[in-house]
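Down below is the structure, laid out as structure tokens.
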Amino acid sequence: MAFTLKINGTPHEVDVDGDTPLLWVLRDVLGMTGTKFGCGQALCGACTVHVDGAMTRSCITTVDSVGESEITTIEAIAQTPQGAALQKAWLELEVVQCGYCQSGQIMSAAALLKYTPKPTDDDIDAAMSGNVCRCGTYQRIRAAIKHAAGV
Ligand code: FES
Ligand code: FES
């Protein structure tokens with residue numbers, strides 16, 4: 001079945017079953033591999049994208065549920081003020097270790113700062129609790145979010 005997905009401001013036509021996870025379409029159909037596959041069960045956050053600005057686990061989001069919504073992926077998050085500030089902070093504080101979880105981390109952090117520009121530690125913990133990092137970069141992630149937010 002044909003779907004037109006609005007991704008990073010551009011319409012993309014894809015021909016897939018309606019119950020195909022958005023993550024599969026992004027990575028395997030469109031070749032946008034910045035969004036990662038981790039658990040496939042909404043447990044790790046590696047696949048996080050934004051759907052109409054909201055943090056969304058693309059591994060459990062079916063293509064037919066997205067409709068006309070605007071999808072934003074890590075490939076375009078630098079075009080938002082929050083994404084640009086976060087990526088700068090990530091580099092300055094050298095957050096990344098292996099890197100696998102980090103696109104999902106930045107997408108969750110960008111959604112947080114969009115709606116909560118000056119987050120408290122509790123706000124950060126609540127927003128980021130679903131994003132797992134096997135390398136244990138949590139302290140640097142928190143510091144970078146604060147750095148980006150100026151708090
Ligand atoms: S791959 Fe989607 S939350 Fe883990
Ligand atoms: S940096 Fe390696 S899993 Fe997070």
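The values are calculated or read from the model by the stated rules, or taken from the named source; none is laboratory data. Fair warning: this is a prediction, and the values are worked out from it, not measured in the lab. For neighbour counting, all protein chains shown are included, and Cβ atoms are generated from backbone atoms with ideal geometry for every residue, glycine included. Accessible surface areas use protein heavy atoms only, side chains included; no ligands, DNA or RNA. Shrake-Rupley method; radii C 1.70, N 1.55, O 1.52, S 1.80 Å.
Tabulated values for the structure
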quantity	calculated
Members of segment 1-32 that are among the hydrophobic types (A, V, I, L, M, F, W, C), over 21 Å from Gln87 (Cβ atoms) and not in a strand (DSSP E or B)	Met1, Val16, Leu22, Leu23, Trp24, Val25, Val29, Leu30
Criterion: more than 15 Å from ligand 2 (Cβ to nearest atom), of a type in the set (A, V, I, L, M), closer than 20 Å to Ala127 by Cβ and surrounded by 22 or more Cβ atoms within 10 Å (Cβ to Cβ) - qualifying residue of Val95, Val49	Val49
Residues of segment 34-44 satisfying the condition of being open to solvent by 70 Å² or more (accessible area, probe 1.4 Å) and more than 16 Å from ligand 2 (Cβ to nearest atom)	Gln41
Single residue of Ala85, Ala110 found to be more than 12 Å from the chain's Cα centre (by Cα) and not β-branched (Val, Ile, Thr)	Ala85
Helices (runs of 4 or more DSSP H) contained entirely in segment 95-151, each with at least 1 residues that are within 16 Å of ligand 1 (Cβ to nearest atom)	102-115, 121-128
Number of positions in segment 116-147 that are of a type outside the set (Ser, Thr, Tyr), open to solvent by 30 Å² or more (accessible area, probe 1.4 Å) and within 22 Å of Glu94 (Cβ to Cβ)	12
Test for Ser58: is it of a type in the set (Gly, Ala, Ser), modelled with pLDDT of 95 or more and in contact with a Cys (Cβ under 6 Å, 6 or more places away or on another chain)	yes
Flag for Gln87 being within 16 Å of ligand 2 (Cβ to nearest atom), surrounded by fewer than 16 Cβ atoms within 10 Å (Cβ to Cβ), over 15 Å from Pro21 (Cβ atoms) and in the same structural domain as Pro119 (by TED's automatic domain parsing)	no
Qualifying positions in segment 33-68 - part of a loop (DSSP other than H, G, I, E, B), away from ligand 1 (no atom under 13 Å from the Cβ) and either within 14 Å of Gly104 (Cβ to Cβ) or assigned by TED's automatic domain parsing to the domain that holds Gln105 (or both)	Thr33, Gly34
